[in-house]
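The values are calculated or read from the model by the stated rules, or taken from the named source; none is laboratory data. None of these values were measured; they are calculated from a predicted model. Methodologically, a virtual Cβ is constructed for each residue, glycine included, from the backbone with ideal geometry; neighbour enumeration extends over all protein chains shown. The protein model used for the area step is the full one, side chains on, heavy atoms only, and it has no ligands, DNA or RNA in it. Shrake-Rupley method; radii C 1.70, N 1.55, O 1.52, S 1.80 Å.
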Amino acid sequence: MNSNVNSAPSFAGKYSLNANQTMPNQNACLLRDTLIGAWTTKAKDGDKIHEQLKNFYLNDYNKNPKAPLNIVLDIPNADDKNFEESMKKVGQNFSKLA
């Protein structure tokens, strides 16, 4: 099997989620935040999403800790299954857009 490690990842798995969804406890919340941060680093336009997350927690979150933080993650095709499994494990709701 030939594999080209220099090829760019193919992005077609877009996921919409509320990154400030109410979680059952603090540990679940921290794990969810960690996973979203990790997946954001792999997402297309991850820098823009990191900026959106940062701005939310510095501004809107302070006004209303239950405010929604709707983000769209465009995950590489090869990671779709892992993304979905990790979100399900922590109880994070998401919708697949594409």
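Filter region 75-98 for residues that are closer than 18 Å to Lys44 by Cα and exposed (fewer than 14 other Cβ atoms within 10 Å of the Cβ) and give the result.
Scanning region 75-98 gives Asn77, Ala78, Lys81, Asn82, Ser95, Lys96, Leu97, Ala98.
Identify all residues within region 12-58 that are without any contact (Cβ under 8 Å) to a residue 60 or more places away in the chain, open to solvent by less than 20 Å² (accessible area, probe 1.4 Å) and among the aromatic types (Phe, Trp, Tyr); write none if there are none.
Selection gives Phe56 alone.
Cβ-Cβ under 7 Å, sequence separation 6+ or interchain: first residue in region 59-75 and over 15 Å from Met23 (Cα atoms) and in contact (Cβ under 8 Å) with a residue 40 or more places away in the chain, partner part of a helix (DSSP H, G or I) and open to solvent by 80 Å² or more (accessible area, probe 1.4 Å). Which pairs?
If the second residue must be part of a helix (DSSP H, G or I) and open to solvent by 80 Å² or more (accessible area, probe 1.4 Å), the pairs left are Ile75/Lys42.
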